[in-house]
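Working notes for the structure below.
Quick note: the coordinates plus some simple rules give every number you see, no bench work behind them. Just so it is clear, the model here is predicted, and its values are computed rather than measured. Don't worry about glycine lacking a Cβ; one is built from the backbone with ideal geometry, like all the others, and counts go over all protein chains shown.
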Amino acid sequence: MKIVGLSGSIVGSKTRTAMERTINIISEKYPEIDVTLIDLADFNIQFSDGRNYLEYEGDTAYVTQTIMEADAVVIGTPVFQASIPATLKNIFDLLPEKAFIDKVVGFVVTAGSPKHYLVAEQQLKPILAYMKAQIVQTYVFLEEQDFYRKEIVSDDVIFRLERLVEDIVTLTKTYESIRKEKEAEYGF
Amino acid sequence: MEKYRINPNSGLEFGLYTLGDHIADPHTGKRISNQQRIKEIIELAKMAEQAGIDFFSVGESHQEYFTTQAHTVVLGAIAQATEKIKIASSSTIISTLDPVRVFEDFATIDLISNGRAEIIAGRASRVGVFDLLGYNLRDYEELFEEKFDLLLKINQEEVVNWKGSYRAPLNNAKVIPRPLNGSLPIWRAVGGPPASAIKAGYAGVPMFLAMLGGPVSSFKRSIEAYREAANRSGHNSDELPVATAGFFYVADTTQAAQAETYPYINEGMKLTNGNGFPKQHFAQGAHPQDVMNIGSPELVIEKILYQHEVFGHQRYIAQMDFGGVTFDKLKRNIDIIGTKILPEIKKHTRKK
């Protein structure tokens, strides 16, 4: 199983911190899983110009192709201006319409205010659903108070992240076995 | 219709097309050489002619996993190797070519083939060709429209006066040779959605509609939109032929046909498009009301006749070689087309 973590912002540290922790939980609990963290801050990604993702070059090609090869994706997003950051939306725009077909997608959200709790519910989920993701419905929401000097200091958050990871892995296995069973019925 | 060399009385035309893809057989992981693939395409055209198939066309794609970049050269070889089958491109990326050169090539192929050449002009579904041939992707739409218009003009007028943005002006330019009977059938290649079909209607040119999969009724909307747009723009849609293009494969049973062809289509799509063909969607392709003509000969005949009833189109072209399908399988398909499918289709669509 391949899991890709996508930290969707190029500014700040909360989302990266949360994503690093999430990725660590995956590798500790499931050493057999091939896991990669993509922090968009480390890459120089061009804006989508509508071409097929296979035709991009450099960092853009690496990031899109790595996501396309994953069985599951964990997205980390901050909330900017009551929405997801443009850098993350650009990744969706770079990918094909049905990019997340047969993929499980879960996410963690960081924000400066609890008032942003429903932003991901109302803005991120519809995009993922449109792109055919099997969405892990429950996501982890982190606020400023959960962090101190680039560490997560809330045990509650860590428990929630552990549950999210478990759900992602379980659902990925489950959907894979459902799909295999169904595909075997087609007889081709 | 005569202008486009279509005789409605002789029933639905049946053709084959290849994109000229060059992909390893997913069962063996081995890829035949470019040379062998090109020769097999020429051989396929000859076999198609012998089986009574009406039409054969070759695509132009410049990216990896394709081998007929110089599609007009391949068509020249096919023109010489065959006698009666109609030959065309599927499609020629007019946006990044010089319409004068395209016309010269196809007029020459028309002369070699004794009046059998046609052009299907498209806009490219891949953008690598823009970089390769030195065009700006931002001009995608305008490049096509301007060059397609120029191609149509050259087809009508031997001496051309023309000015545009993407090519040097033509002043009393004589574009020769001329095709055998004065002009070539030139079609506009169109993807699925009605918006694209409408543009072909505005221009009053015949339309080639690509259909990967999905309900016949959805594609009917595109064809209706095309005819409406043509009539609104002062053309007569009764005189404009429509052709459809899509996946085709026959075997003894529908399940065998799906089993044989799925790995090719799925792996081929992964390589060229980055997304496989979901099995669930592929399985639905066997539905009599789905455009995908993959199944037993009986099912495929039923489907093609149903599509003809709904679309009222003049030509169907089948793609059966995508994804590295081996030559022996293609031969067997051509045999079945010639002995089982064509006779039924002609019998039911010919005007009595």
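Tabulated values for the structure
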item	result
In region B:109-216, GluC sites (Glu not before Pro) in a DSSP loop with at most 16 other beta-carbon atoms within 10 Å	B:Glu157, B:Glu158
Net charge of Cβ neighbours under 13 Å - reference B:Lys3; Lys, Arg +1; Asp, Glu -1	-3
Inter-chain shielding of B:282-293 (mean C-beta neighbours from other protein chains, 10 Å cut-off)	1
Net charge of Cβ neighbours under 12 Å - reference A:Tyr139; Lys, Arg +1; Asp, Glu -1	+1
FRET E, pair B:Asp252, B:Asp131, Förster distance 41 Å, beta-carbon r, rounded to 0.05	0.35
Exercise: per-residue mean of other protein chain Cβ atoms within 10 Å, B:255-264	2
Counting DSSP beta bridges with both ends in the protein assembly as shown, the antiparallel % (nearest 5)	10
Filter on B:Lys86/B:Lys153; B:Lys46/B:Lys340; B:Lys199/B:Lys340; B:Lys329/B:Lys351 - keep pairs with C-alpha separation over 25 Å	B:Lys199/B:Lys340; B:Lys329/B:Lys351
Distant-in-sequence amide H partners of A:Phe107 (H built 1.01 Å from N, under 5 Å)	A:Ile75, A:Val140
Residue with peak Gaussian network fluctuation, chain B [Cα springs, cutoff 10 Å], from B:Pro297, B:Pro99, B:Pro26	B:Pro26
Net charge contributed by nearby residues that have their C-beta within less than 13 Å of B:Leu143 (K/R +1, D/E -1)	-3
For B:271-281, mean number of other protein chain Cβ atoms within 10 Å	5
Order of A:Glu57, B:Glu302, B:Glu309 under a 10 Å beta carbon neighbour criterion, fewest first	A:Glu57, B:Glu309, B:Glu302
Cα-based shape type of the protein assembly as shown, given that a ≥ b ≥ c are square roots of the gyration tensor eigenvalues and the cut on a/c is 1.5	prolate
Reachable lysines, given that their alpha-carbon falls under 17 Å from the alpha-carbon of A:Lys150 and they are not under 8 places away in the same chain	A:Lys14
Backbone N under 14 Å from the B:Tyr306 label point (7 Å along Cα→Cβ), restricted to region B:219-249	B:219-220
Taking B:Met292, A:Met131 and counting other C-beta atoms within 10 Å, the order from fewest to most	A:Met131, B:Met292
